[in-house]
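The values are calculated or read from the model by the stated rules, or taken from the named source; none is laboratory data. Here the structure is a predicted model, which is why all the values come from computation and not from measurement. Cβ placement follows ideal geometry from the backbone for every residue including glycine, while neighbour counts extend to all protein chains displayed.
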Amino acid sequence: MTSVFLKAKLHFLRVTSAELDYEGSMALDLDFMDAVGIRPYEKILVANRENGHRFETYAIPAPRGSKTAGLNGATAHLGTIGDRVIVFAFCHLTDDEARTHQPRVAIFGPDNALLRQT
């Protein structure tokens, strides 16, 4: 048996774009994804701190160093440029794996500058 645990969190990213006419997903700077181990096309949960919306989508890679956190497709209705969002990824772990598991967390400041990570 496995249980679901937090794998990774990008905390307080600022939305940099909202493109309605797109097939969907959330574009994330590859540096952000690498910082916490989120893989391209991995399922993510996004919580918008500004309006309370929560939605599931998948991560697509944006160019390294771009500081991109872009809402695409229908998710563009759930946030605006400048909103602070939290991006979560989860994993399934056995009881033995869960005993030592530590999620990877990156916390961001103004202009999506990485402040610290664990």
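Quick look at the values:
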quantity	calculated
Given (1) over 11 Å from the mean Cα position of the chain (by Cα); (2) at negative phi, number of the condition GLY82 does not satisfy	(2)
Residue check for PHE32: among the aromatic types (Phe, Trp, Tyr), modelled with pLDDT of 95 or more and within 21 Å of GLN117 (Cα to Cα)	yes
Top-ranked residue in region 1-28 [being part of a loop (DSSP other than H, G, I, E, B) and touching a residue at least 60 places away in the same chain (Cβ under 8 Å); ranked as farthest from ARG116 (Cα to Cα)]	MET1
Yes/no for ARG84 being at pLDDT 95 or above and within 14 Å of LYS9 (Cα to Cα)	yes
Any hit, region 57-66, residues being of a type in the set (Lys, Arg) and without any contact (Cβ under 8 Å) to a residue 12 or more places away in the chain	no
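Here is a yes/no grid of residues against (1) under 10 Å from the mean Cα position of the chain (by Cα); (2) small (Gly, Ala, Ser); (3) at pLDDT 95 or above:
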site	(1), (2), (3)
PHE12	yes, no, yes
SER17	no, yes, yes
GLU23	no, no, no
ILE38	yes, no, yes
VAL46	yes, no, yes
THR57	yes, no, yes
